Amino acid sequence: MPDTPPAMTSHRPYLLRALYEWISDNGMTPHILVDAQLPGVRVPTHTVKEGRVVLNIADRAVAKLELDNEAVRFTARFGGVSHPVVVPVSAVLAIYARETGQGMALPEEAGATSPDDEPTPPDDTPDDDNSPRRGAHLRVIK
């Protein structure tokens with residue numbers, strides 16, 4: 001009987017939470033790059049560009065943020081209308097600070113099939129007016 005180590009849970013949600021905390025602790029604005037075409041992703045369709053969306057997940061931009069082992073969940077305003085957002089951790093391609101671009105493209109899970117194209121690095125996220133990020137109005141007004 002071979003000694004095989006027990007299967008471990010995914011490391012992606014732990015990396016996501018750690019990087020979120022690091023970015024926030026440094027006073028920066030955490031953004032996630034999401035593959036909006038994967039099953040379980042719930043974002044307003046008008047925010048999706050070329051199958052991807054960049055979401056501001058800073059405390060001041062969202063309400064009821066949950067970063068658990070399965071998904072990122074929150075409520076945010078898009079165009080002045082509140083929407084619930086659900087992003088499975090597997091759909092998060094990267095997390096980075098808007099101000100500096102520092103962050104990380106999340107690694108694929110072992111045994112997962114990788115897409116033909118690599119995730120767009122944070123530096124390549126468009127800054128023009130057509131960017132989903134132009135919705136910097138994602139703020140919770142209390």
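The values are calculated or read from the model by the stated rules, or taken from the named source; none is laboratory data. Note that this is a predicted model, so its numbers are computed, not measured. Glycine gets a Cβ as well: all are built from the backbone with ideal geometry, and neighbour counts include every protein chain shown. With ligands, DNA and RNA removed, areas are computed over all heavy atoms of the protein, side chains included. Shrake-Rupley method; radii C 1.70, N 1.55, O 1.52, S 1.80 Å.
Rundown of residues vs (1) crowded, with 17+ Cβ neighbours inside 10 Å; (2) of a type in the set (Ser, Thr, Tyr); (3) at pLDDT 95 or above; (4) in a loop (DSSP other than H, G, I, E, B), yes/no style:
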{"position": "Met1", "(1), (2), (3), (4)": "no, no, no, yes"}
{"position": "Pro13", "(1), (2), (3), (4)": "yes, no, yes, no"}
{"position": "His31", "(1), (2), (3), (4)": "yes, no, yes, no"}
{"position": "Gln37", "(1), (2), (3), (4)": "no, no, yes, yes"}
{"position": "Val54", "(1), (2), (3), (4)": "yes, no, yes, no"}
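Being under 19 Å from Ala18 (Cα atoms) and open to solvent by 70 Å² or more (accessible area, probe 1.4 Å): is that true of Arg42 here? I'd like the intermediate steps shown before the answer.
On the way: under 19 Å from Ala18 (Cα atoms): no; open to solvent by 70 Å² or more (accessible area, probe 1.4 Å): yes.
No, not satisfied.
Which residues, taken from region 15-57, are of a type in the set (Ser, Thr, Tyr) and touching a residue at least 40 places away in the same chain (Cβ under 8 Å)?
Tyr20, Thr29, Thr47
Residue-wise test of (1) assigned to a strand (DSSP E or B); (2) within 18 Å of Ala36 (Cβ to Cβ).
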{"position": "Arg73", "(1), (2)": "yes, yes"}
{"position": "Ala76", "(1), (2)": "yes, yes"}
{"position": "Ser82", "(1), (2)": "yes, no"}
{"position": "Val87", "(1), (2)": "yes, yes"}
{"position": "Ser90", "(1), (2)": "no, yes"}
{"position": "Ile95", "(1), (2)": "yes, yes"}
{"position": "Thr100", "(1), (2)": "no, no"}
{"position": "Met104", "(1), (2)": "yes, no"}
{"position": "Pro107", "(1), (2)": "no, no"}
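Would you mind stating whether Arg60 is open to solvent by 30 Å² or more (accessible area, probe 1.4 Å) and more than 20 Å from Arg98 (Cβ to Cβ)? Break it down stepwise before answering.
On the way: open to solvent by 30 Å² or more (accessible area, probe 1.4 Å): yes; more than 20 Å from Arg98 (Cβ to Cβ): no.
Spelling it out, it is not the case that Arg60 is open to solvent by 30 Å² or more (accessible area, probe 1.4 Å) and more than 20 Å from Arg98 (Cβ to Cβ).
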